[in-house]
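Structure, as structure tokens:
Here, each number is a calculation from the coordinates, and none is a lab measurement. This is a predicted model, so every value here is computed, not measured. Don't worry about glycine lacking a Cβ; one is built from the backbone with ideal geometry, like all the others, and counts go over all protein chains shown.
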Amino acid sequence: MWPDRLTPDEIAILEASGWGQRQGFGRHPAMLIIDVTYGFTGDEPEPILEAIKRYPTSCGEVAWPALEAIKHLLSAARDARLPIIYTRNDYRSDGWDLGSWAWKLGNDAGRRVPSPRANRIVDKIGPRSNEIVIAKKKPSAFFGTPLMSYLSDLRVDQLIVVGCVTSGCVRASVLDAFSYNLRVAVVREGTFDRLPLSHEMALFEMDAKYADVVSLTDVLTYIETNRVAATT
């Protein structure tokens, strides 16, 4: 996926060491939508330096094409009756549980409790009453949450992952899913980050080691094939 970004020596290293093999898809998928809230998308498409005046964690305009891809994928997943799980951040109003975020974010952002709207899932891809929403406080969707117990109960062996930010909560969640021996497909068009370099490097690293980075088209085909197989 990145041959034009790598030197011949780097390609040779990956090929010789065996990194970047395809996991392939599992038989029992679920969709995991990570932190697609107004705090990361903003209220409308606008340049990131404008967006972060209102939402310091916003990714600006790049969030909105990803929202369209997520909406399309979500429709297919619902039609196929796949389990759908959302995450969002959730902190106390006094900021006591912001923890180590307060050490790493400058301009007082680390000490600011996000507004209720910032942690609200964007309406156009919002959850239905029969879908799971997990509140979390750290990057990984698994850390300190019941996510794995839900996946175990649903007998899920495949996560289809979208959301943000690619280099942060997406990558952390993918790494933990890999550690739990789940297959993971990260949908390239359905992820976004505030920095293009972080986004591309995170996708590259996940694809090399922990997941398959796949296209929206490939995942839609997989969902449809899986749906047909389940009804025959």
**Report entry** Radius 9 Å from Cβ of residue 37, net charge of other residues (Lys, Arg +1; Asp, Glu -1)
**Finding:** +2
Report summary line: Most fluctuating of 27, 171, 88 in the GNM of the chain (C-alpha, under 10 Å) is 27
Query raised in the report: Under the Kirkwood approximation applied to all pairs of distinct alpha-carbon atoms, what is the hydrodynamic radius of region 116-206 in Å?
Result: 14.0
Requested in this report: Per residue of region 51-64, in order, report the coupling 6.51 cos²θ - 1.76 cosθ + 1.60 (Karplus, θ = phi - 60°) as ³J(HN,Hα) in whole Hz, putting x for Gly and Pro.
Outcome: 4, 6, 5, 9, 10, x, 8, 4, 9, x, 4, 5, 5, 6
Query - Residue-by-residue Karplus 3J(HN,Hα) for region 156-167, coefficients 6.51, -1.76, 1.60, Hz, glycine and proline x - result: 6, 10, 9, 9, 9, 10, 9, x, 8, 7, 4, 7
Query - Length released on extending from residue 28 to residue 155, taking residue separation times 0.36 nm less the Cα-Cα span - result: 45.0 nm
Report summary line: Scalar couplings 3J(HN,Hα) for region 192-203 by Karplus 6.51 cos²θ - 1.76 cosθ + 1.60 (θ = phi - 60°), nearest whole Hz, x for Gly and Pro, are 7, 8, 6, 10, x, 4, 4, 4, 5, 5, 5, 4
Report task. Search the structure for amide H atoms under 5 Å from the amide H of residue 184, placed 1.01 Å from N in the peptide plane, and list their residues when 5 or more places away or on another chain. Result -> 159, 212
Report summary line: Long-range amide H partners of residue 105, meaning residues 5 or more apart or on another chain whose placed amide H is closer than 5 Å, are 110
Query raised in the report: Expressed as a fraction of 2.2 N^0.38 Å, the rule-of-thumb size for a compact globular protein of N residues, what is the C-alpha radius of gyration of the chain?
Result: 1.01
**Report entry** Residue among 73, 49, 216 with the largest mean-square fluctuation in a Gaussian network model of the chain, springs linking Cα atoms under 10 Å
**Finding:** 49
Report task. Report the label-to-label distance for residue 128 and residue 102 in nanometres (one decimal), using points 7 Å from each Cα along the Cα→Cβ vector. Result -> 4.1
Query raised in the report: Considering amide H positions built from the backbone, and no H for Pro or chain starts, which residues 5 or more places from residue 133, or on another chain, come under 5 Å of its amide H?
Result: 86
**Report entry** the chain, relative contact order in percent, only Cα pairs under 8 angstrom and at least six apart counted
**Finding:** 25
Query - region 14-98, Cα convex hull volume normalised per residue, Å³ - result: 191
Query raised in the report: Compactness ratio of region 20-62: Cα Rg over 2.2 N^0.38 Å, N = residue count?
Result: 1.72
Query raised in the report: Which of the lysines could a cross-linker span from residue 104 if the Cα-Cα distance has to be under 24 Å and same-chain partners fewer than 8 positions apart are dropped?
Result: 53, 136, 137, 138
Report task. Among 220, 182, 105, determine the one that fluctuates most according to a GNM of the chain built with springs between C-alpha atoms less than 10 Å apart. Result -> 105
